[in-house]
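Heads up: the structure comes next, in structure tokens.
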Amino acid sequence: MQGLEIPVTGRTVAIGPAYDGIHRTVMYHYSGDKTFSKKSAMEILDESCMMYRSTYDGRIKAVRHATKYLRKTPLMICPQEFIYAIPTIAPTDYDCIWLFCRHIESSSTSEGKTYIRFKNGRQLQINCSEKVITKQRERAAATMNHFAIFPSLLSKSGKENEMFLPGFHSAMTDPTSFPDESNFDY
């Protein structure tokens, strides 16, 4: 896609603000690499949504219509590839960090700071409480369930009572399919 430096993919774990005076955002990748951009997080997310045949506004509108989550709405970038992101604070705030649900292993609080631990063993300090991030993850799981094709497939297999919860230790998100990485923080 023209103009898109690095798109959001299934290997993106987070997008946050860059404070280096040159760039506006930093993208964190499953491999541990970081990509810096002069584009805002909203520009990157919108261009990535367009790469997957929609827009940021269109995806947000669809999720709000289906779920009634009017603030800090989970972003469904590509439901077919389970690329969903959740904001830590208001998406229009420069300090908003977008977390990609399929890579979140857990959250914790230490010395008054909240951290997200990703399935690759790395962790990232975030700017909201553990209670807020748990609520955001629950909203994302409900959104994924609403837009997933798997509930209809489960009913055909006689397992209609099972819920599909990517990002909540789902069988569909197999961490062994990713390469083993060294254990260090971003």
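The values are calculated or read from the model by the stated rules, or taken from the named source; none is laboratory data. In this text, all values refer to a predicted model and were calculated from it rather than measured experimentally. Note that we place each Cβ from the backbone using ideal geometry, even for glycine, and neighbour counts take in every protein chain shown.
Considering the range 105-128, the residues that are out of contact with any strand residue (DSSP E or B) (no Cβ under 6 Å at 6 or more places or on another chain) and not basic (Lys, Arg) include one that is surrounded by the most Cβ atoms within 10 Å (Cβ to Cβ), namely Asn120. All conditions but one from (1) in contact with a helix residue (DSSP H, G or I) (Cβ under 9 Å, 6 or more places away or on another chain); (2) over 19 Å from Met144 (Cα atoms) apply to Gln125; the one that does not is (1).
Please go through the range 41-60 and give me each residue that is surrounded by 16 or more Cβ atoms within 10 Å (Cβ to Cβ) and hydroxyl-bearing (Ser, Thr, Tyr), ordered by number. Result: Ser48, Tyr52, Ser54, Tyr56. Filtering the range 65-90 to residues that are surrounded by 15 or more Cβ atoms within 10 Å (Cβ to Cβ) and not in a loop (DSSP other than H, G, I, E, B) leaves Thr67, Leu75, Met76, Ile77, Cys78, Pro79, Ile83, Tyr84, Ala85, Ile86, Pro87. The single condition from (1) more than 12 Å from the chain's Cα centre (by Cα); (2) over 19 Å from His146 (Cβ atoms); (3) not basic (Lys, Arg) that Trp98 fails is (1).
Thr109 meets each of the listed conditions (1) β-branched (Val, Ile, Thr); (2) in contact with an Asp or Glu (Cβ under 8 Å, 6 or more places away or on another chain); (3) part of a loop (DSSP other than H, G, I, E, B) apart from (3). Listed by first and then second residue, the pairs linking a residue in the range 84-111 that is touching a residue at least 60 places away in the same chain (Cβ under 8 Å) and closer than 19 Å to Ser48 by Cβ to a residue that is among the basic types (Lys, Arg) and surrounded by 23 or more Cβ atoms within 10 Å (Cβ to Cβ), with Cβ atoms under 8 Å apart and 6 or more places separating them unless they lie on different chains, are Tyr84/Arg102.
So, Phe164, is that one under 18 Å from the mean Cα position of the chain (by Cα) and either at pLDDT below 95 or on the phi > 0 side of the Ramachandran plot (or both) or not? Reasoning before the result, please.
Details: under 18 Å from the mean Cα position of the chain (by Cα): yes; either at pLDDT below 95 or on the phi > 0 side of the Ramachandran plot (or both): yes.
Judged against the criteria, Phe164 is a match.
When the range 7-48 is limited to residues that are part of a helix (DSSP H, G or I) and small (Gly, Ala, Ser), the one that is farthest from Ser106 (Cα to Cα) turns out to be Ser48.
Lys38 satisfies every condition listed in (1) under 21 Å from Arg122 (Cβ atoms); (2) more than 15 Å from the chain's Cα centre (by Cα) except (1).
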